[in-house]
1. Give me the distance between the Cα centres of segment 289-366 and segment 204-250, rounded to whole Å.
2. Angle, helix 175-184 long axis vs. longest principal axis of the chain, Cα atoms, 0 to 90°, nearest 10?
3. Got the relative contact order for segment 212-429 handy, in percent, Cα pairs under 8 Å and 6 or more residues apart?
4. List the extent of the Cα atoms of segment 254-343 along each of their three principal axes, largest first, rounded to whole Å.
5. How large, in percent, is the carbon and sulfur part of the accessible surface of the chain at a probe radius of 1.4 Å?
6. Which whole-angstrom value gives the distance between the alpha carbon centres of segment 122-195 and segment 26-53?
7. Just the number please: accessible area per residue for segment 212-429, 1.4 Å probe, all protein chains included, in Å².
8. Given the peptides 270-280, 415-425, arrange them by the average over their residues of other C-beta atoms within 10 Å, most packed first.
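The values are calculated or read from the model by the stated rules, or taken from the named source; none is laboratory data. A quick note: this is a predicted structure, and the numbers were derived from the prediction, not measured. Don't worry about glycine lacking a Cβ; one is built from the backbone with ideal geometry, like all the others, and counts go over all protein chains shown. Just the protein is used for accessible areas: all its heavy atoms, side chains included, with ligands, DNA and RNA removed. Shrake-Rupley method; radii C 1.70, N 1.55, O 1.52, S 1.80 Å.
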Amino acid sequence: MQITMVGSGYVGLVSGACLADFGHTVSCIDTDAQKIEALKAGKMPIYEPGLQDLVANNVRQHRLSFSTDLVAAVRGAQAVFIAVGTPSRRGDGHADLTFVYQAARAIAAGLDGFTVVVTKSTVPVGTGDEVERIIRETNPNADFAVVSNPEFLREGAAIDDFKRPDRIVLGVDDKRAEAVMTEIYRPLYLNQAPFVFTSRRTSELTKYAANAFLATKITFINEIADLCEQVGANVQDVARGIGLDKRIGSKFLHAGPGYGGSCFPKDTQALIKTAQDFGAPIRIVETVSAVNDQRKRAMARKVFAALGGSVRGKTIAVLGLTFKPNTDDMRDSPAISIITALQDGGARINAFDPEGMDQARQVLDDLTYFYDPYSCCEKADALVIVTEWDAFRALDLNRIKSLLTAPILVDLRNIYEPDDLARHDFLYAGVGRGSSPVKK
Ligand SMILES: NC(=O)c1ccc[n+]([C@@H]2O[C@H](COP(=O)([O-])OP(=O)(O)OC[C@H]3O[C@@H](n4cnc5c(N)ncnc54)[C@H](O)[C@@H]3O)[C@@H](O)[C@H]2O)c1
């Protein structure tokens, strides 16, 4: 099947490469000419494990190509996926659909023969209706159907998530389109991945409901962690104790600095706005979003407390900048707010991240970057772990201690054991592990 992927970012590029790997012929399009030139030259514009090889293999087999010429790529395609960004609209938190509607207009111009237009971007309820209206208005003779197929992949594990999804949600109101979508995902069908066929509007809402639920789970365990610190309980044991209950499940129960990234903050905001617009406010998500915003400042206060109340004139070594490990994505990373709060408090920041430093340079000012964890700690007054990259899990603690001016470790991901750190004579503050020496 011939497929066009409009938008070659984290979702479009991974989805395009995986669909090519299924045997389809995929053309990945982007308006960013530099990105397309890089891809043509075999350079990945993002860091995602396994992506470079997957792309190279499929380019070699002539199943995957890259272009800026959307109209040419749409001609002859049986399906055109829209995978462009849907950031928060400045000021009000609604999803900004400018890129989606631009893509719809451009796609309309190239349609010939029956084509399924698939919104893979995360879009509010009713966006499919508007995409349909735009295409019909731009090209009244076009024969097409608009389908919603939200993407659930996680950065850092994106290829595996795409190829072995928990489910594929398809909002299809047209029989011909259903046949095309079934054909596209046949390899997953054969793997017995569950398919949820539903209406377009239900599918659009499902994606937001999923992200809001996960954000709620994270926020719930974070607040339990705060209580653990006050009552001398251990949040990791609480998480295990509740997570083994199959009705709850163990995933997304890791206490930490609050959720961030390119999806949860903007998607919870967009859901809140949609719900308010329709007169059915989702108060639990409103609270989750507010609590999560405050959490990052609370994490900075944890660092202040570890240093005796003030960071003025201190140098803080920060390990991990991206919003999670195994990605270079800095969008809405908790590190941004935490570092900014520390700088506002008068601290100098040394920083190291295995993949995120190029993107960090674009969003954070006045950091000193290092190229390994140890040089980052040299002459710093405390170490703060913000992102749980594997490379930080087994640091040589004696060496770290000898490099720091004082043995202070604030571990915002709980990747170290308080007892171990006590044995190494560190002043250690984790998240929600009762015996924390540091009070908020
Ligand atoms: N990143 C994730 O983990 C993830 C997971 C699931 C869903 N999503 C959703 O998928 C969508 C895309 O997210 P992303 O992280 O891949 O964004 P991204 O910013 O990495 O990529 C979007 C790409 O679309 C391109 N683009 C914008 N307008 C275009 C146009 N008119 N024609 C062609 N290309 C255009 C941009 O240049 C960019 O390269 C969003 O709606 C997001 O919420 C993201």
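1. Result: 23 Å between the Cα centres.
2. Here the helix axis deviates by roughly 50 degrees.
3. 18 percent
4. For segment 254-343, the Cα spread along each principal axis is 50, 29, 23 Å.
5. Numbers: 9610 of 19300 Å².
On the chain, the fraction of accessible area on carbon and sulfur atoms equals 50 percent.
6. Cα centroid of segment 122-195 versus Cα centroid of segment 26-53: 22 Å apart.
7. Ligands and nucleic acids excluded, the result is 45 Å² per residue.
8. Ranking the peptides 270-280, 415-425 by packing returns 270-280, 415-425.
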